[in-house]
């Protein structure tokens, strides 16, 4: 496993409350549930302990899946996905919704003669999310010379047709408001891919629609699969991978 040197934070929504505040809140909730459970057991009232005990178990399991996903699992899954591309090392890669650069930097390591471009509008989908922090992570990972960032709307990418060999995205497209916007992203993916280029999109929701839309746009080898337990956002919220290839022209 490759040692990570960047600081990638936690995944989630932090626009209304910061990551430390959310951690403190849920820790207090779980401590309260543990107290109610213990009190019911001490008083030999198992029914009184049952409800808070079940709630505590559910929250603990969800927290365990979330932390595993955010701190380790997504990195392991993306290392495998990028390895499966069997890159030559001179490709141009685009990461849509790159956040703090976890996938972007991993991709850049694989293209020493190429480059990796990251596009985002820097919403708080990760703690401490900013373009400056992404650039710092690229420096920490030793890939700053082949990473560049652009603040842009992924539904209207500022790139010419057939600009990239690979387009990737991790848990970003589902954040867009409405099916029309998400369809526009998929149209942009198909547009900026070079003939023979490949797309790999990981997301929590709407991935069946992604696959159908990419097929309708003429992409080949479209597949949708479960990313596996390491990329479950929660016990009942799996991530799915949609991959596709733009056909080569004769």
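Please find, among 73, 89, 101, 142, the residue that is under 15 Å from residue 4 (Cα atoms) and more than 19 Å from the chain's Cα centre (by Cα).
142
So, in segment 153-180, how many residues would count as being over 22 Å from residue 247 (Cα atoms), buried (at least 17 other Cβ atoms within 10 Å of the Cβ) and in contact with a strand residue (DSSP E or B) (Cβ under 9 Å, 6 or more places away or on another chain)?
5
In the set 230, 213, 224, 183, which member is at pLDDT below 95 and either outside any loop (DSSP other than H, G, I, E, B) or crowded, with 16+ Cβ neighbours inside 10 Å (or both)?
230
The values are calculated or read from the model by the stated rules, or taken from the named source; none is laboratory data. Computed from a prediction, not measured in an experiment: that's the story for all the values here. Cβ atoms come from the backbone with ideal geometry, glycine included; neighbour counts cover every protein chain shown.
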